[in-house]
Amino acid sequence: MTVLPGFSDKLFDGVRVVVTGAAGGIGSAIAQAFDACGAELWLVDHDDAALQAMQGRLRRSCAHVCDLSDRSEIYRIAKTVCANGPLDVLVNCAGVFARVPVGDARAERTWDLTLAVNLTAPYLLTCACLPALEQARGAVVNITSVRAQTSAARASAYTAAKAGLTGVTIALADECAPSGVRVNAVAPGEVDTAMGHNDAGISEALFARTPIKRMAQPAEVAAAVVFLASPLSAYTTGATLTVDGGFLIT
């Protein structure tokens with residue numbers, strides 16, 4: 001397996017890492033990056049078949065199917081994680097995205113599901129795993145989005161959830177610092193995944209205003225996550241690292 005440029009294959013040797021949304025486009029790249037750096041991975045996703053396929057590509061991992069819109073499932077996973085000793089890294093990557101116009105009959109359900117998975121789940125899972133994170137003086141990395149800072153057409157729930165997760169990142173970083181737990185976020189722009197290709201016309205418009213005229217590769221987002229989870233960023237907490245090709249500066 002290819003090691004990320006600049007990162008040692010021993011960087012996370014013996015380190016326990018939980019990645020939610022591990023079967024998705026960005027989540028799978030994050031899992032593979034940690035695997036290449038020697039981590040022991042706990043993969044969490046709602047898609048059992050995709051999760052098993054992902055596990056088969058990694059060296060040291062276990063897979064846990066979980067519906068993160070269900071609070072009882074979140075607590076079940078956290079209990080399992082905490083029962084197995086210190087947790088070095090928690091990556092909250094799982095997310096859902098849907099474009100629904102304001103006033104549409106589906107808007108209420110979309111709002112509830114999007115906030116449950118994209119905002120409530122990362123918060124509750126972090127809080128529930130905190131004892132294990134404190135034992136390791138570990139790190140949390142949340143996957144937000146540039147859409148936390150700018151509008152997404154017909155996606156008010158997604159924008160609200162990612163903006164909320166940015167705020168939660170700052171608040172938890174402040175509260176958890178005395179126990180040695182760092183909390184940071186990565187905010188991708190458009191990423192070359194199945195989700196990123198759902199709106200071809202919109203993506204083309206975004207390319208036009210992005211200085212680097214392409215989508216990010218999932219591995220480029222993963223590299224930012226690995227950095228924020230590693231000792232290389234030991235003095236960084238409460239930060240959001242933007243990986244957007246310059247989208248927000250235009």
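The values are calculated or read from the model by the stated rules, or taken from the named source; none is laboratory data. Nothing here was measured: the structure is a model prediction, and the numbers come from that model. Cβ sites come from the backbone with ideal geometry, for glycine too, and all protein chains shown count toward neighbours. For the accessible areas, the whole protein counts, side chains as well, though only heavy atoms, and no ligand, DNA or RNA atoms are used. Shrake-Rupley method; radii C 1.70, N 1.55, O 1.52, S 1.80 Å.
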Qualifying residues in the stretch 142-154 (those that are of a type in the set (A, V, I, L, M) and crowded, with 18+ Cβ neighbours inside 10 Å) - the one modelled with the highest pLDDT: Ile143
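Can we say Ala128 is among the aliphatic types (A, V, I, L, M), farther than 21 Å from Ala224 by Cβ and touching a helix residue (DSSP H, G or I) at 6+ places or on another chain (Cβ under 6 Å)? Give the derivation first.
Numbers: among the aliphatic types (A, V, I, L, M): yes; farther than 21 Å from Ala224 by Cβ: yes; touching a helix residue (DSSP H, G or I) at 6+ places or on another chain (Cβ under 6 Å): yes.
Taking the combined requirement at face value, the residue satisfies it.
Quick one: how many residues across the stretch 70-88 are closer than 27 Å to Leu113 by Cα and not in a loop (DSSP other than H, G, I, E, B)?
Result for the stretch 70-88: 12.
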Given (1) open to solvent by 20 Å² or more (accessible area, probe 1.4 Å); (2) at pLDDT 95 or above; (3) under 23 Å from Arg154 (Cβ atoms), Cys127 misses just (3)
Unique match (being touching a Gly at 6+ places or on another chain (Cβ under 6 Å) and on the phi < 0 side of the Ramachandran plot) among Pro231, Pro211: Pro211
Which residues, counting only those in the stretch 16-48, are in contact with a helix residue (DSSP H, G or I) (Cβ under 8 Å, 6 or more places away or on another chain), assigned to a helix (DSSP H, G or I) and open to solvent by 10 Å² or more (accessible area, probe 1.4 Å)? Gly25, Ile26, Ser28, Ala29, Gln32
Return the residues of the stretch 89-147 that are part of a loop (DSSP other than H, G, I, E, B) and more than 12 Å from the chain's Cα centre (by Cα); say none if nothing qualifies. Phe97, Ala98, Arg99, Val100, Pro101, Val102, Gly103, Asp104, Ala105, Arg106, Arg137, Gly138
Could you please find all residues in the stretch 148-185 being closer than 21 Å to Phe34 by Cβ and either aromatic (Phe, Trp, Tyr) or assigned to a strand (DSSP E or B) (or both)? Arg182, Val183, Asn184, Ala185
Could you pull out the residue among Leu58, Leu68, Leu51 that is closer than 24 Å to Ser230 by Cβ and either open to solvent by 60 Å² or more (accessible area, probe 1.4 Å) or not small (Gly, Ala, Ser) (or both)? Leu58
Every residue in the stretch 215-250 that is part of a helix (DSSP H, G or I) and either touching an Asp or Glu at 6+ places or on another chain (Cβ under 7 Å) or open to solvent by 20 Å² or more (accessible area, probe 1.4 Å) (or both), please. Pro218, Ala219, Glu220, Ala223, Phe227, Pro231, Leu232, Leu248, Ile249
Looking at Ala121, Ala157, which one is touching a Ser or Thr at 6+ places or on another chain (Cβ under 6 Å) and open to solvent by less than 30 Å² (accessible area, probe 1.4 Å)? Ala157
If you scan the stretch 195-214, which residues turn out to be open to solvent by less than 80 Å² (accessible area, probe 1.4 Å) and either modelled with pLDDT under 75 or touching a strand residue (DSSP E or B) at 6+ places or on another chain (Cβ under 8 Å) (or both)? Gly196, Asp199, Ala200, Gly201, Ile202, Ser203, Ala205, Leu206, Phe207
